[in-house]
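*Asks:* Pasting a structure here, questions to come.
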Amino acid sequence: MTKHIFVTGGVVSSLGKGLTSASIAMLLEARGLRVKMQKLDPYINVDPGTMSPYQHGEVYVLDDGSETDLDLGHYERFTTTHLTRQSNYTTGQIYQAVINKERRGEFLGKTVQVIPHITNEIKEMVTQLDDADTDVVMTEIGGTVGDIESLPFLEAIRQIPLEVGRENCIFIHLTLVPYLKAAGELKTKPTQHSVGILRQIGIQPDVLVCRTERSLDTSDREKIALFCNVPLNSVIEERDKDFSIYEVPLSLQANKIDDLILKRLGLPASPANLDGWHEILHRLRNPEHEVSIALVGKYAEHRDAYKSIYEALDHGGIANQTQVRVQPIKSEAIEEEGAERLLAGFDALIVPGGFGERGIEGKVQAIRYARERNLPFLGICLGMQCAVIDFARHAAGMSDAHSTEFFRDTSAPVICLMEEQEGVTDKGGTMRLGSQPAKLTPGSRAAAAYGCLEINERHRHRYEFNSGYRQPLEQAGLLIAGTSPDESLVEIVEVPDHPWFVAVQFHPEFKSKPTAAHPLFAGLVAAAITHHTSSKPANPS
Ligand code: GLN
């Protein structure tokens, strides 16, 4: 029988529900359980694919091509759970499904209502994950308890225990216990109110995970337990972690959350094996090198827009036992102040994916600087397309080279709309999305990094390297280091007489894990270390 864990959040948003859910799932896996994860988002967009990164942060792409919430990135980085389209639902999708049923006449004669039709659809989305190979389904409810729009989700998860048995469900509520400087104490009232709202809806949380900047003392915990109607051992402290998010699972384990959940759900418990996780933290705490990497992007100041890239760079650091400092630089600043001024002193450059013309010339200038100054470079998606533009303009003499995304009438459209995209007018879910196979060129840096010649990587783009320009660009020295299996699409380009210049049409950051850094990120950091060491003046002694 599959058990259910529901995670809700209270008091404020941005408490780290995704991270906490992923950490708990990781601990359960470490105890030998098979866990599936899912997030339910209360907004009306069908998926985050059409939202601005300012609104939503990065769009996390799964193997099956679904465009999902960035919390799913935490799920994949922390656990081995296999995520699919069934792992992220929004209010928009739920209503769309119900309205489609109504149009097909499936509710004939009935008035279609939030309860029971919308809530039934939500319950179906949750319980469809139950199967004989799954011990636990963990469902995170987006938003904050008390929001109008999350009510149907909360009502649906209230009903699930009635169907599958209360003993097979556990409600975990993540809450904030703020410290008031003026009073010199932690305050439990916001938590009491937030649990109060949940109880009005009919949900009595079983476990309270308390985000706090200071340690809860016994009296704080007793107060929370009494007022929120939970046993004392179910008030779990989750202190802020200044050093690394990878400390979170270990701190939750120190507070025995895994024991509590296993006991409550009556699941067999094998001892936790967390050696791999301890090793990650050991490496993070004892770096042998330090490198600084410039990230040049349109949303540079907005970390969440490049969430998985920051994480993957950390993983590259873990793999090389190196502290990676990432400095975001707005691509428009490069246009104003010049690459020379802003990129001097860095050990590597990364240019991530993106859309729209703003800042494009800054990216091209930054890449040109990296190419001409032997600065290690990794270009991702739009970053790869800008690398091709730079190479065409400045190494192959096509001064007008551009992408037709930004300059339709360029005389050298080195990046152009993919054939399959012609005539596509809908914006949602219509890009080339998800995992696609590619083959690598023997002898390329990519082949060396991956250690194989066949790969699968996740995509999200409409434009591509224009194959009509393959020959002149190759002649000018660009290496086509990876293509689709039929060779029709260019997936990777490299500059061979450069220490590390690799640009890829796909998004390697989505497949990097702290325990298994993506080879291209590990490779970039390794090249950055070499750059750092060789650019330092020799020690006179
Ligand atoms: N805008 C480019 C395209 O659609 C790049 C997309 C991206 O970087 N994800 O092809």
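All of the numbers you see were taken from the coordinates with simple rules; none came from a lab. Given the structure is predicted, the values throughout are model-derived calculations rather than measurements. A quick note on method: Cβ atoms are made from the backbone with ideal geometry, for glycine too, and the neighbour counts reach across all protein chains shown.
*Asks:* What full-extension length gain, to one decimal in nm, is calculated for residue 219 and residue 275 as 0.36 nm per residue of separation minus the Cα-Cα distance?
*Replies:* Taking residue 219 through residue 275 to full extension adds about 16.8 nm, to one decimal.
*Asks:* Ok, one more. Want the number for residue 406 to residue 13: 0.36 nm per residue separation, take away the alpha-carbon distance, what's left?
*Replies:* Result for the pair: 137.8 nm of gain on full extension.
*Asks:* Same structure again: Could you put 115, 24, 236 in order, starting from the residue whose Cβ has the fewest other Cβ atoms within 10 Å?
*Replies:* Ascending number of Cβ neighbours within 10 Å: 115, 236, 24.
*Asks:* Taking Cα centroids, how far is the stretch 259-316 from the stretch 164-190 in Å?
*Replies:* 24
*Asks:* How large is Rg/Rh for the stretch 1-76, to two decimals, with Cα atoms and a Kirkwood Rh?
*Replies:* Answer for the stretch 1-76: 0.98.
*Asks:* Averaging over every viewing direction, what projected area does the convex hull of the Cα atoms of the chain cover, in nm²?
*Replies:* Mean projected area for the chain: 29.3 nm², to one decimal.
*Asks:* Filter the trypsin sites (Lys or Arg not before Pro) in the stretch 71-135 down to the DSSP loop ones having no more than 16 other Cβ atoms within 10 Å, then list what survives.
*Replies:* Taking the stretch 71-135 and a limit of 16 other Cβ atoms within 10 Å, the loop trypsin sites (Lys or Arg not before Pro) found are 104, 110.
*Asks:* If you find the alpha carbon centre of the stretch 406-467 and of the stretch 99-140, how far apart are they in angstrom?
*Replies:* A separation of 36 Å, based on Cα centres.
*Asks:* Okay, next question. Among the aspartates and glutamates, which have Cα under 13 Å from the Cα of residue 3 when same-chain residues fewer than 8 positions away are ignored?
*Replies:* Straight-distance partners of residue 3: 130, 131, 133, 135, 163, 167.
*Asks:* Expressed as a whole percent, how much of the Cα-Cα distance distribution for the stretch 58-172 exceeds 22 Å?
*Replies:* Cα-Cα pairs in the stretch 58-172 separated by more than 22 Å: 41 percent.
*Asks:* So if I average 1/r over every pair of distinct C-alpha atoms in the stretch 293-358 and take the inverse, what Kirkwood radius in Å does that give?
*Replies:* Value: 12.5 Å, from the Cα pair sum.
*Asks:* With N set to the residue count of the stretch 292-401, report its C-alpha Rg divided by 2.2 N^0.38 Å to two decimal places.
*Replies:* Relative to the rule-of-thumb radius for its length, the stretch 292-401 sits at 1.01.
*Asks:* What FRET efficiency would be calculated for the residue pair residue 148, residue 424, taking the C-beta separation as r and a Förster radius of 45 Å, to the nearest 0.05?
*Replies:* 0.80
*Asks:* Compute the normalised compactness of the stretch 341-433: alpha-carbon radius of gyration over 2.2 N^0.38 Å, N being the residue count.
*Replies:* In units of the 2.2 N^0.38 Å rule of thumb, it is 1.16.
*Asks:* Rounded to whole Å and sorted largest first, what semi-axes of the equivalent ellipsoid does the C-alpha gyration tensor of the stretch 410-541 yield via the square root of 5 times each eigenvalue?
*Replies:* 30, 19, 14
*Asks:* Along the Cα-to-C-beta direction of residue 227, a point sits 7 Å from the Cα; which residues of the stretch 186-207 have their amide N less than 13 Å from that point?
*Replies:* 186-197
*Asks:* Suppose every K and R has +1 on its Cβ and every D and E has -1 on its Cβ; what is the size of the dipole of the stretch 144-205 about the Cα centre, in Debye to the nearest 20?
*Replies:* 320
*Asks:* Rank these for me by crowding, 498, 459, going from fewest to most other beta carbons within 10 Å.
*Replies:* Ordered by Cβ neighbours within 10 Å, fewest first: 498, 459.
*Asks:* Which translational diffusion coefficient, to the nearest whole µm²/s, is obtained for the stretch 218-351 from the Stokes-Einstein equation, given a Kirkwood hydrodynamic radius over C-alpha pairs, 20 °C and 1.002 mPa s?
*Replies:* Rounded, D is 117 µm²/s.
*Asks:* Would you mind putting 60-67, 426-433, 291-298 in packing order, based on average other-beta-carbon counts within 10 Å, highest first?
*Replies:* Highest to lowest by the protection proxy: 291-298, 60-67, 426-433.
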